[in-house]
Structures are given as structure tokens and as C-alpha cells.
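Written below as C-alpha cells is the structure these notes are about.
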Amino acid sequence: MTLPSWRPLLAGVLVVGPPLALAVLEFFHPHPPRDLFQLDVRTWLVVHYLQLPLMPLAALSMVALVRGTSGFVAGLCRVAMFVFAVTYTAFDTAAGIVTGVLLQAAHETDTPEAWRGPVMAIWGHPILGGSRNMAPLLAVVGALAWLVGAGAAAVAVRRAGNSWAPVVLLIVSGLGLTVFRTHAWPGGPVSFGALGVAAAWLHWGNVSQPKRRVDDAAEPLNGIGSQ
């Protein structure tokens, strides 16, 4: 019994959609100014609210690439993506949403400078902050987990007999956050965009393969029947 035609399409959208949506979203991620109180708070908060579900969904998209695969490499990918989802969600909540909410509240008062201490206490925190002067621990762990998970997925995909194109895309995806040290442009669009393209390549390539195998198998039968 064959699956309805919409099932592979829906599965593809669920795997490919989140990383591509996240890649587009990161183009609008504001880069923090030197004085954080000059930040475009409205855009900042919208981006970070949308990132909350998209970050773990992008991690699930990476895990979906090794679905049905066992062994150390596939297991490493799954563990690394779990670590990424946990650490980056915590990092984005604190450095992104909490900082943005405090800044928004500060701008709604007549004495915004009175809020500078609480805002900078979070922004400069060594574990969950967002300061560029010292990379916070959660961001570092998350970026390294993404690198490890993407590298493991690349190895698993290649071992499964796929072409080099999605493998290279997954390697590029893994390097984006680490090399550029940001999930705003260019790090985020590079990492999540490359994953989205790799996922699309692998998903629709695998969906079309069964049909080709059925067509190939039908040719000898047709030949026999015509004799």
C-alpha cells in the first residue's frame, strides 16, 4: 500500500521548513550596538520570540537526517543536537528575551538609565549573557554542539551512500556559528540555510528513489510479458 502523495511533501516541509525559516529570520536579527540602550528593541524581541521554537525545530531537522541510522556517529548527532537545543534556547531566552524586555521597560520610563545596571548584569553575565567582549558559556557550548552534530550528520549521510553535495552543505552548516560567532547575519543564515538546502536535497532525493526502483523493476516484467 502506497502512502498518499501529500505525506512525503508534508514530511519534507516539516524537515526543510524550520531551518530555512530560521535562516531568513536571522537576516533581520539586529547586531547589538556599542551602547545597548540604542538597540531596536521591537525588532530584537520579535526575532527572539520567533527563534524560541525554531531553534529546537532546526535541531530536530538535523536529527531527521540520520533517522533510521544506528551506531556511534548517528547517536553523537542526536546527543549534540539535544545539547544545542537546550543551551541555545536558554541562551536566547536570557540574553535575547529577558534583556529585550528589560530594555523595553526602561524606555517606557522617564529614567531609563536607572535600568542600566540590571540590563548589563544579564548582558555581561559569563554564562548566559550576550556581550561580544566575552563569549558566554551557553553560546559557546551551543555552537560547538551544532558543529559536532552537523559533522556527525555529514559522516552518517555519506556512509549511507549519498552524494558529496549534502555532505559539504552540512559541514558548512556546522562551521557557520563557530566561525562567525553569531547567529545573526552571517552566521545564522549560513548555518541554518545550508542545513535547509541539505535537508531538501536528501529528502526529495530519497523520495524519488523508490519510484525509480519501481520503474526499473517493471521494465524486465514488461519485456517478459511482451514475448
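No value in this document is a laboratory result; all are computed from the given coordinates. A quick note: this is a predicted structure, and the numbers were derived from the prediction, not measured. Cβ placement follows ideal geometry from the backbone for every residue including glycine, while neighbour counts extend to all protein chains displayed.
Within the group Leu50, Leu54, Leu60, Leu76, which residue is part of a helix (DSSP H, G or I), within 13 Å of the chain's Cα centre (by Cα) and buried (at least 18 other Cβ atoms within 10 Å of the Cβ)?
Leu54
Looking at segment 19-47, which of its residues are assigned to a helix (DSSP H, G or I), farther than 22 Å from Phe82 by Cβ and of a type in the set (D, E, K, R)?
If the condition is that a residue be assigned to a helix (DSSP H, G or I), farther than 22 Å from Phe82 by Cβ and of a type in the set (D, E, K, R), then Arg42 is the only one that fits.
Given the condition touching a residue at least 60 places away in the same chain (Cβ under 8 Å), crowded, with 21+ Cβ neighbours inside 10 Å and part of a helix (DSSP H, G or I), answer yes or no: does some residue in segment 201-209 qualify? Steps first, answer last, please.
Taking segment 201-209 first, the residues touching a residue at least 60 places away in the same chain (Cβ under 8 Å) are 202-204, 207.
Keeping just the survivors that are crowded, with 21+ Cβ neighbours inside 10 Å gives 202-203.
Retained after the next criterion (residues that are part of a helix (DSSP H, G or I)): 202-203.
There is at least one residue in segment 201-209 that is touching a residue at least 60 places away in the same chain (Cβ under 8 Å), crowded, with 21+ Cβ neighbours inside 10 Å and part of a helix (DSSP H, G or I).
Quickly run through segment 63-73 and pick out the residues that are part of a helix (DSSP H, G or I) and more than 17 Å from the chain's Cα centre (by Cα). Don't jump to the end; show me each part of the working.
Residues of segment 63-73 part of a helix (DSSP H, G or I): 63-64, 72-73.
Hits for segment 63-73 are Phe72, Val73.
Just give me the residues in segment 57-75 being in contact with a Pro (Cβ under 9 Å, 6 or more places away or on another chain) and of a type outside the set (Gly, Ala, Ser), in sequence order.
Leu57, Leu60, Met62, Leu65
Under the condition of being aliphatic (A, V, I, L, M) and within 14 Å of Ala139 (Cα to Cα), which residue from segment 176-190 is nearest to the chain's Cα centre (by Cα)?
In the first step, residues of segment 176-190 are kept if they are aliphatic (A, V, I, L, M); the result is 177, 179, 184, 190.
Subset that is within 14 Å of Ala139 (Cα to Cα): 177, 179, 184.
Values: Leu177: 10, Val179: 15, Ala184: 12 Å.
The selected residue is Leu177.
Can you tell me which residue is farthest from Val167 (Cα to Cα) among those in segment 80-111 that are part of a helix (DSSP H, G or I) and free of Cβ contacts under 8 Å to residues at least 12 places away in the same chain? Steps first, answer last, please.
To start, the set of residues in segment 80-111 that are part of a helix (DSSP H, G or I) comprises 80-107.
Applying the additional criterion that residues be free of Cβ contacts under 8 Å to residues at least 12 places away in the same chain yields 86, 105.
Details: Val86: 25, Ala105: 46 Å.
Ranking the candidates gives Ala105 first.
Run down Val141, Val119, Val172 and say which single residue is closer than 22 Å to His203 by Cα and surrounded by fewer than 23 Cβ atoms within 10 Å (Cβ to Cβ). So that I can check it myself, show each step before the final result.
On the way: Val141 fails: closer than 22 Å to His203 by Cα; Val119 fails: closer than 22 Å to His203 by Cα.
Within the list Val141, Val119, Val172, the selection yields Val172.
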